[in-house]
1. Counting just the residues of the range 51-74 that are under 15 Å from the mean Cα position of the chain (by Cα) and open to solvent by less than 40 Å² (accessible area, probe 1.4 Å), which one comes out nearest to GLN90 (Cα to Cα)?
2. Output the residue which, of all residues in the range 2-45 that are among the polar types (S, T, N, Q) and under 27 Å from ALA77 (Cα atoms), is least open to solvent (accessible area, probe 1.4 Å).
3. Mind checking which residues of the range 72-96 are over 15 Å from GLN15 (Cα atoms) and assigned to a helix (DSSP H, G or I)?
4. Restricting attention to the range 28-71, which residues are at pLDDT below 85, farther than 25 Å from ALA17 by Cα and either in a helix (DSSP H, G or I) or touching a strand residue (DSSP E or B) at 6+ places or on another chain (Cβ under 8 Å) (or both)?
5. Enumerate the pairs (first residue in the range 62-83 and free of Cβ contacts under 8 Å to residues at least 60 places away in the same chain; second residue anywhere and surrounded by 11 or more Cβ atoms within 10 Å (Cβ to Cβ)) with beta-carbon separation below 6 Å, excluding pairs fewer than 6 apart on the same chain, so at least 6 apart or on different chains.
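The values are calculated or read from the model by the stated rules, or taken from the named source; none is laboratory data. Just so you know, these numbers come straight off a predicted model, no measurement behind them. Note: ideal-geometry Cβ built from the backbone for every residue, glycine included; neighbour counts use all protein chains shown. These area figures cover heavy atoms from the full protein model, side chains too; ligands, DNA and RNA do not enter into them. Shrake-Rupley method; radii C 1.70, N 1.55, O 1.52, S 1.80 Å.
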Amino acid sequence: MSEQAKHFRQLIEAQLAEWIAQADLLKAKAKHLAADARTEFDQQLHKLEAQKTELTEYLHTLNQINKTEWNDIKQEAENKFHGFCGAAKQFMDQYK
């Protein structure tokens, strides 16, 4: 694995760990939401968790690439990461 890919993987792993901690706090707060708000919360959380799973699976592919391959998929990896971060931020901001 190239150093750039390794650094990027570490960045994603740190962000995912932070998101998981924040999501756990929000899940505890969500217990007090009204039924309709709770349903929406659960739906949005489910979508975000699916995106997290996709990103986690993508990390495994980063473990197996060389420097040349990293240059080929770098933009795709960054797009997936930024897409998840944007969705996570929007979710967190909505339910703080």
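1. Across the range 51-74, the extreme among qualifying residues is LEU55.
2. If we take residues in the range 2-45 being among the polar types (S, T, N, Q) and under 27 Å from ALA77 (Cα atoms), then SER2 is least open to solvent (accessible area, probe 1.4 Å).
3. Correct list: ASP72, ILE73, LYS74, GLN75, GLU76, ASP93, GLN94, TYR95.
4. LYS67, THR68, GLU69, ASN71
5. Hits for this filter: LYS80/LEU55; LYS80/TYR58.
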